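Here's the structure, in structure tokens; my notes come after.
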Amino acid sequence: MGAEVVIEGLSKSFGKHTIWRDVTLTLPPGEVSVMLGPSGTGKSVFLKSMIGLLKPDRGKCVINGVDIVRCSERKLYETRKLFGVLFQDGALFGSMSLYDNVAFPLREHTKKSETEIRKIVLEKLDMTGLSGAEKKLPGEISGGMRKRAGLARALVLDPEIILVDEPDSGLDPVRTTYISQLFIDVNAQIDATFLIVTHNINLARTVPDNLGMLYRKELVMFGPREVLLTSEEPVVKQFLNGRMDGPIGMSEEKDSATLAAERAMFEAGHHAGGVEEVTGVPPQLQPTPGLPERQGARRRKDRVMRMLHTLPEAARESIIASLSPEEQRHYGVHSASLVGTQHGVLPTGDVATIPDSSRTQPIELGPNDATRGLPPYEQGNS
Ligand SMILES: Nc1ncnc2c1ncn2[C@@H]1O[C@H](COP(=O)(O)OP(=O)(O)O)[C@@H](O)[C@H]1O
Ligand SMILES: [Mg+2]
């Protein structure tokens, strides 16, 4: 299982220029998380801070008990080995074949023989759909292949955490979906913790278990995907719809006069661009048929159900609606019916019932129980 990453009160500035401050979030082990944010909000700086390439001014980033902000150089070196990083441009060595690029970390950081290295390299190239391309130079292949080669290289040291910077940059929407599918497939196979930073809305809506957004030097939100995808927060809504209509402006934020002038223009019928009212929670990308089930997704279901009572109603409803009837029975919840409500207030009987958080014992399942095979509640630590 991938490592958990606990980030607390992390702040980073360059001189007087604050990039972001007080970022607190936890990447749950083996789950896929996406961090959204307009260009220039410090997403790349965030990834570099997580692996200690940049030094945050305050806060913690704890992995397996080691705070990489404060630890010794030796510990940092050790902890960094847990990470696989896919940089924006793939960061391949232009004069080396894909084979040598992917073999590079093994030759640098391990004492493995060339025979062992060959086995690993070919396995990772196969995993990323690059079998047969090992002799190619980075300049001879497409942008999508370069990204996959970068991912293959990020995988050779068996990372527990995989960081990805803007996987869609330079790719068309179809190639972006293919690389997204690859992340889900790799996650299903190795159960590593993923953090992908991007401003791609499609990817954010369909790939992750958890979604966050950086804006105006702050982490606006971070949580289960359903929370952001059903959020009424203006910044989040505007971003997810890719519209001009909202607080995010041409370069950064808008002042109130600009906001009012634009509002009037849009109300008078000028198209605010973007996709018309993209709302709701689309189905999440699943591993390619034939691959194992995602353990991270399975654990997430239990985790999210334990925190369900803390989530906004729209997110709760969406989570409950995504469960099968068996799962709803297993967790003791049912979908709220909006039919027959008065004054917009749901009678208690129709509100999605929240599982009792004290009920942490696994449910005993009889041999003919329809819920057989479903993950039991994890015990303790709720
Ligand atoms: N090494 C650095 N020194 C000074 N400023 C930097 C450095 N790296 C990034 N920045 C600044 O940090 C801000 C955020 O950059 P970045 O993380 O690249 O944004 P994003 O990846 O979200 O587009 C930018 O204003 C950029 O100029
Ligand atoms: Mg960037």
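Taken together, the values in this text are just the output of simple stated rules run on the coordinates, not laboratory data. These numbers come from a predicted model, not from an experiment. Here the Cβ is made from the backbone with ideal geometry for all residues, glycine too, and neighbour counts use every protein chain on show.
Cα centroid distance between the range 294-318 and the range 96-173, in Å?
34
Considering only 143, 65, 15, give the residue with the highest GNM mean-square fluctuation for the chain, with springs between Cα atoms whenever their separation is below 10 Å.
Judging by the Gaussian network model, the answer is 15.
Based on DSSP loop calls and a cut-off of at most 11 other Cβ atoms within 10 Å, the longest stretch of the chain free of exposed GluC sites (Glu not before Pro) is what?
1-231
Semi-axes of the range 109-238's equivalent ellipsoid from the Cα gyration tensor, sqrt of 5 times each eigenvalue, largest first, rounded to whole Å?
Over the Cα atoms of the range 109-238, the ellipsoid semi-axes are 32, 16, 12 Å.
Which entries of 12/55; 112/147; 55/75 show an alpha-carbon separation above 19 angstrom in the structure shown?
Check vs 19 Å cut-off fails for 112/147.
Report the per residue volume, in Å³, of the convex hull enclosing the C-alpha atoms of the range 210-324.
147
I'd like to know how the range 1-95 sits against the 2.2 N^0.38 Å rule of thumb: what's its Cα Rg over that expected value?
1.10
Can you compute the helix-only [θ] at 222 nm over the chain? Use -39500 (n - 2.57) per DSSP H run of at least 4 residues, normalise by all residues, nearest 500 deg cm²/dmol.
One gets -10000 deg cm²/dmol as the mean residue ellipticity at 222 nm.
Mind running the shape call on the range 53-176? Use the C-alpha gyration tensor, a ≥ b ≥ c as the square roots of the eigenvalues: rounded below 1.5 for a/c, prolate if a/b tops b/c, oblate otherwise.
Here the range 53-176 falls in the oblate category.
Using the 2.2 N^0.38 Å rule of thumb for compact globular proteins, work out how the range 74-129 stacks up: its C-alpha Rg over that value, please.
1.21
Between Rg and the Kirkwood Rh of the chain, both from Cα atoms, what is the Rg to Rh ratio?
When Rh is taken as the Kirkwood radius, the ratio is 0.99.
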